[in-house]
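No lab work stands behind these numbers, since they all come straight from the coordinates. Every value quoted in this text rests on a predicted model; they were computed, and no experiment measured them. Every residue, glycine among them, receives a Cβ derived from its backbone with ideal geometry; neighbour counts consider all protein chains shown.
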Amino acid sequence: MTTVDGPRPLRSQQWWDNPAHPDMTALYLERYLNFGLTGAELQSGRPIIGIAQTGSDLVPCNRHHLALADRVRAGVRDAGGIPLEFPVHPLQETGKRPTAALDRNLAYLGLVEILYGYPLDGVVLTTGCDKTTPACLMAAATVNLPAIVLSGGPMLNGYVDGRRAGSGLIIWQSRRLLAAGKIDYAEFMDRVSRSATSTGHCNTMGTALSMNSIAEALGMTLPGCAAIPAPYRERAQIAYDTGYRAVGLVRENLTPKAIMTREAFENAIVVASAIAGSTNCPIHVNAIARHVGVDLRNSDWESVGGSVPILANCAPAGDYLGEDFYHAGGVPAVLHALLSAGRLHADAMTVTGRTIGENIAGAASTNPDVIADYDKPFGPRGGVLVLHGNVFSSGMMKMSVITEELHARYLTSPALTWRAVVFDSPEDYHRRIDDPTLDIDEDCILVVRNSGNIAYPGSAEVVNMQPPTELIMRGIEAIPTLGDGRQSGTADAPSILNISPEAAVGGNIAILRTGDRITLDIPNHRLDVDLTDEEIAERWREYEPPPLDHQTPWQELFRRYTGQMDTGSCLDFATAYQDIVVTKGMPRDSH
Ligand code: FES
Ligand code: MG
């Protein structure tokens, strides 16, 4: 076999240029010639770079990648590689029913199989919409093939009445106006549509922009990649640079395992806090860590990220959107502020082949209204508060989106006690929220259960429940909520969410009843229901679990193998597969 720049044979050559098996070489090679590639090309010893395409008509948030792939291909070619583009199972957050979360692990499984089973030496991971980024990184981690992330970038800013209208957030805000009778349905639709301005993913600091910022903080993108708006020329330019660099990664054999280290994950957590990132990030980042063999838990989000102030003034926690974030310096400016405060592991390696500290030298914020210095933050606490107690063993609350009034109450009272109003499902919530006999007021906590991984299936973003219309009319826009599902990263609701274990696997949220007293004790990081162990046991004896109906074969498999949110909602058995191109060697010949 020929080799490139050193002794290490490329794995693609074991398909296309294997003197030990000339007949198999012929079989592997011939079909790839049928669209114009030549045998000489494929046997030239040039790295084969996959382009994992997550864009399609079903995934509008990433659809721009179909065009960007041309620039990736040009970059790969100019660096001496050969690009091969292939589809990833579609993952679109708002369009997939029952949830895109159900499909994250399916896309992961599919991509592992592709990266391992086809003649690829490296891969460009095209990311954007919420679950595409973790699914791609989880798969690259498992296989440990040289990999680089190309974000698709946020949509351009949207505006309603001259003010910024952020993706997702405008829906949550406008549905409160609709409920209060201040706008009609046509106006509601118009406001919502104005937030979808262009190609690209959500322009708020929702899960998409948070996860792409995290991919950059992990060292898996070129510097500055996350924030460039999708339609900007710089986006197409970084697509070219990313393709070009992918070839270098293969030649240097710089793999995800060498980049996504414990230090890199701590950098990611610190950045997630500084940008007041989505509550979906801990789930996805813990999952990526498990697949790359790093032990990361929810407690790390509290101990590493809990004290990090808010440095990015982006919706839903702040005022600005993706374009503003980009012009202020994007993720490099956030990293720069964190580095000056000693909050970053500057030595963490990145896909550039240089450390993250080297990458961001001179990258200070250019607009302190959007990205602040560490000592002049927009808020004291951008991270999550990790909770436990007798209702769940792990749950969390996003501190950055709690209204000032609630913040004052939460932080000044040693403990807050609410009366629970319990809904068995999101459908039950919608049916009964305006029922006057529930007598819901600002001293209540709304509880929704059966919305986690196993019950839903694939946890649903339903915990950000709005109060009854009657309260909204009185100006009470939010009351506390608790649930075993998630909420949108674009939501501004004061929720206690992502709880593990969920009702369907024996979590005590299953036996809560309307009227129970629930106490949040922030100093001790506890949330408890006022019931004795014996009372809880008695309720379990009376408990009738709701039936789980599998609507598709994948739902059944997912339910059988998927863990809880605190450990990343992984297919637990899959986390035993580490660095498989090395530990498992080559897959067998196909014929
Ligand atoms: Fe796809 Fe927000 S719905 S990025
Ligand atoms: Mg979402």
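For the chain, the convex hull drawn through the C-alpha positions has a volume of 150 cubic angstrom per residue.
Taking the number of Cβ atoms within 10 Å of each Cβ as an exposure proxy, the fewest-first ranking of Met396, Met138, Met24 is Met24, Met396, Met138.
If the segment from Met24 to Arg194 were pulled out straight at 0.36 nm per residue, it would be longer than the present Cα-Cα gap by 55.7 nm.
Using amide H atoms built in the peptide plane, which far-off residues or other-chain residues are under 5 Å from Thr127 H to H? Sorted by chain and number, the residues that satisfy this are Leu150, Ser151, Gly152.
Counting neighbouring beta carbons within 10 Å and listing from fewest to most, the residues His21, His284, His291 come out as His21, His284, His291. Seen from every direction in turn and averaged, the convex hull around the alpha carbons of the range 457-591 projects onto 14.1 nm².
Put a plus charge on the Cβ of each Lys and Arg, a minus charge on the Cβ of each Asp and Glu, and nothing anywhere else: the dipole of the range 384-542 about its Cα centre is then about 340 debye. Unpaired cysteine residues in the chain (no second Cys Cβ under 4.7 Å): Cys136, Cys202, Cys225, Cys281, Cys314, Cys444, Cys570.
Considering all different alpha carbon pairs of the range 384-542, the Kirkwood hydrodynamic radius works out to 15.6 Å. For the chain, the antiparallel share of DSSP beta bridges with both residues in that region comes to about 45%. Annotation: amide H of Glu461 within the under-5 Å range of Arg486, sequence separation 5 or more or interchain, hydrogens built in the peptide plane. Under the simplified labelling scheme, the Glu358-Ser590 pair shows an inter-label distance of 3.9 nm, with each label point 7 Å from Cα along Cα→Cβ. Distances between placed amide hydrogens fall under 5 Å for Tyr320 paired with Cys314, Ala315, all partners being 5 or more residues away or on another chain.
Seen from Asp300, the other residues with C-beta closer than 14 Å to its C-beta sum to a net charge of -2, counting Lys and Arg as +1 and Asp and Glu as -1. Pairs of alpha carbons in the range 45-181 separated by more than 27 Å make up 29% of all such pairs. With the helix formula -39500 (n - 2.57) applied to DSSP H stretches of n ≥ 4, the chain reaches a computed 222 nm mean residue ellipticity of -10500 deg cm²/dmol. The slack between Ser44 and Asp57, meaning 0.36 nm per residue of separation minus the straight C-alpha distance, is 1.2 nm. Computed about the Cα centre, the dipole magnitude for the chain is approximately 1360 debye when only Lys and Arg (+1) and Asp and Glu (-1) carry charge, each at its Cβ. The string of couplings for the range 348-360 from the Karplus curve (6.51, -1.76, 1.60, θ = phi - 60°) is 4, 6, 10, 4, 6, x, 10, 7, 5, x, 5, 4, 10 Hz, one whole number per residue in order, with x for Gly and Pro.
Under 17 Å from the Cα of Lys584, which aspartates and glutamates turn up, not counting those fewer than eight places away in the same chain? Excluding near neighbours in sequence, the set is Glu113, Asp121.
Ordering Asp57, Asp373 from the fewest to the most neighbouring beta carbons within 10 Å gives Asp57, Asp373.
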